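Shown next, in structure tokens, is the structure this report addresses.
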Amino acid sequence: MAGSLQDTPSGVRLHIGVFGAVNSGKSSFINAFTGQQVSIVAGEPGTTTDPVVKALEISPLGACVFTDTAGFYDQGALGGARMEKTRLAAEKTDVAVLIVSAEREADDPLAEEFRLFRFFRGKNTPVLWVIGKTDLPCNPRALAAKILKETGEEPLLVSAKTGAGMDLVKNALVRKMPEDFDARQITGSLVAKEDSVLLVMPQDIQAPKGRLILPQVQTIRELLDKHCMVMCVTTEQLTAALDALKEPPKLIVTDSQAFRFVCEHKPKESMLTSFSVLFAAYKGDLAYYIKSAEQIDRLGPKSNVLIAECCTHAPLTEDIGRVKIPRMLRKRYGESLSVTVASGTDFPEDLSRYDLIIQCGACMFNRKYVLSRIHAAKMQQVPMTNYGVAIAHLTGILSRISVPEGE
């Protein structure tokens, strides 16, 4: 996926999901809060069918993604499919806003709202309760008291029509932001100011013409922000670049496909890692990925491996996930080894049939969603690693790879 040095990628934005019953006023709330016509508003219930996603810059929250989801209690023919997409949106949510209409009675059981609240609490996802439509002739205080008693969270009272309470929502969202949301870095402690870094970036069939892929763009930007000295070369330029440098680079970051070549030609003083390994630490659980890579040695001719891609793209001739990694595994265990590919959000709920999951770098997903996949794998006791870690293990150089401190 191509990127721009000016854009804030969706995967690193704060994902705010807005959830609630059909016709609870979710779309009106988002439009009023953002000051933009993000979602369609209509009088009939069920106007929002698929999640509506909008990237915004909101002070003081910064770069955000708002997701307006389909409402609970959707009785339409596609209600089940819509709710499945709402569930996927919940998996990606960093902060959840649960909207309840002030028209609801205090004795309403709020079954789906409380069920979703418990889901988010189990995921350690902060939840902000909001009672909307308070401009209507009704008394929301008893409803607010019920929510407070059940959850320990005091709802905010707002009106999308008048704008009342929107500043309170903004301040509450700032307080609800995960403490470490902006703290994580791609390169972590590996480099510091004025360190030299050599990036080895093959410009092969997988590199979009005239553009860089997103992990490369994000890594370059972070290194520049750290005031590192950055040099970018293709694989065939590696030795010439090293000869041109007065001193060996502090760190070499390569595409995982070139791991073995770069490892064989790098100076012994230089640390080596890959974009995929860095993103494994940045987006996921690198320690778990490394431990799970040991499962590769326990596979056999009848094993089942799941390749989990995060983006959807047309398969390429030498696709790393669909072609190169399966080829490496089958070279060791034979052609009968089974490989299944899941793209985008089509991640199986039942993982029990797989002996190993190999996840991509996940540059297109936020960390919350990647961690939800890892949690599912752990709960079902299925080892899960990632492209870069798997390739390093298969080529016998994993022990020589540098990772950020604490990973």
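Values computed for the structure shown
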{"quantity": "Pair CYS138, THR340: separation of 7 Å Cα→Cβ label points (nm)", "calculated": "4.4"}
{"quantity": "Set of lysines with alpha-carbon distance to LYS250 below 20 Å, sequence-local pairs under 8 removed", "calculated": "LYS193, LYS226, LYS266, LYS268"}
{"quantity": "Linear extension gain, ASP243 paired with GLU264, 0.36 nm per residue minus alpha-carbon span", "calculated": "6.0 nm"}
{"quantity": "Cβ-derived FRET efficiency at R0 56 Å, GLU57 paired with LYS331, nearest 0.05", "calculated": "0.70"}
{"quantity": "Cα-Cα separations in the chain greater than 42 Å, expressed as whole percent", "calculated": "22"}
{"quantity": "Table column - 3J(HN,Hα) (Hz), region 100-116, Karplus curve with 6.51, -1.76, 1.60, x for Gly and Pro", "calculated": "10, 6, 5, 6, 5, 7, 5, 8, 5, x, 6, 4, 5, 4, 5, 5, 5"}
{"quantity": "Kirkwood Rh and Cα Rg combined as Rg/Rh, region 102-162", "calculated": "0.98"}
{"quantity": "Simple label model, 7 Å out from Cα along Cβ direction - ALA145 to ALA164, nm", "calculated": "1.9"}
{"quantity": "Difference of contour (0.36 nm per residue) and Cα-Cα distance, LYS324 to ASP297", "calculated": "8.0 nm"}
{"quantity": "Efficiency of FRET from Cβ geometry, ASP225 and ARG121, R₀ 35 Å, rounded to 0.05", "calculated": "0.50"}
{"quantity": "Using alpha carbons only: equivalent-ellipsoid semi-axes of region 285-398, gyration tensor based, whole Å", "calculated": "19, 16, 14"}
{"quantity": "Within the chain, percent of DSSP bridges classed antiparallel, to nearest 5", "calculated": "15"}
{"quantity": "Rg to Rh, two decimals, where region 10-176 supplies the alpha carbon set and Rh follows Kirkwood", "calculated": "0.92"}
{"quantity": "Estimated translational D of region 177-288 in µm²/s (Stokes, Kirkwood radius over Cα pairs; 10 °C; 1.306 mPa s)", "calculated": "108"}
{"quantity": "Sites matching trypsin sites (Lys or Arg not before Pro) across region 335-369 that sit in DSSP coil, with at most 12 neighbouring C-beta atoms within 10 Å", "calculated": "ARG353"}
{"quantity": "Folded to 0 to 90 degrees: helix 214-225 orientation relative to the chain principal axis, Cα", "calculated": "90"}
{"quantity": "CD proxy at 222 nm, helix term only [per DSSP H run n ≥ 4: -39500 (n - 2.57); per residue of the chain; nearest 500]", "calculated": "-9500 deg cm²/dmol"}
{"quantity": "Choice from VAL158, VAL323, VAL127 showing the highest fluctuation, given a GNM over the chain with Cα pairs closer than 10 Å", "calculated": "VAL323"}
{"quantity": "For peptides 236-246, 285-295, sequence by mean Cβ density within 10 Å, most packed first", "calculated": "285-295, 236-246"}
{"quantity": "Difference of contour (0.36 nm per residue) and Cα-Cα distance, ALA192 to ALA111", "calculated": "24.1 nm"}
{"quantity": "Euclidean distance between Cα centres, region 244-321 to region 349-407, Å", "calculated": "11"}
{"quantity": "Cross-link pairs LYS176/LYS368; LYS54/LYS170; LYS149/LYS368; LYS170/LYS368; LYS123/LYS170 - those with Cα-Cα distance over 26 Å", "calculated": "LYS149/LYS368"}
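Readers should treat all values here as calculations from the given coordinates under stated rules, not as data from a laboratory. Keep in mind that this is a model prediction, so the values were computed, not measured. Positions of Cβ are generated from backbone atoms using ideal geometry, with glycine treated the same way; all protein chains shown enter the neighbour counts.
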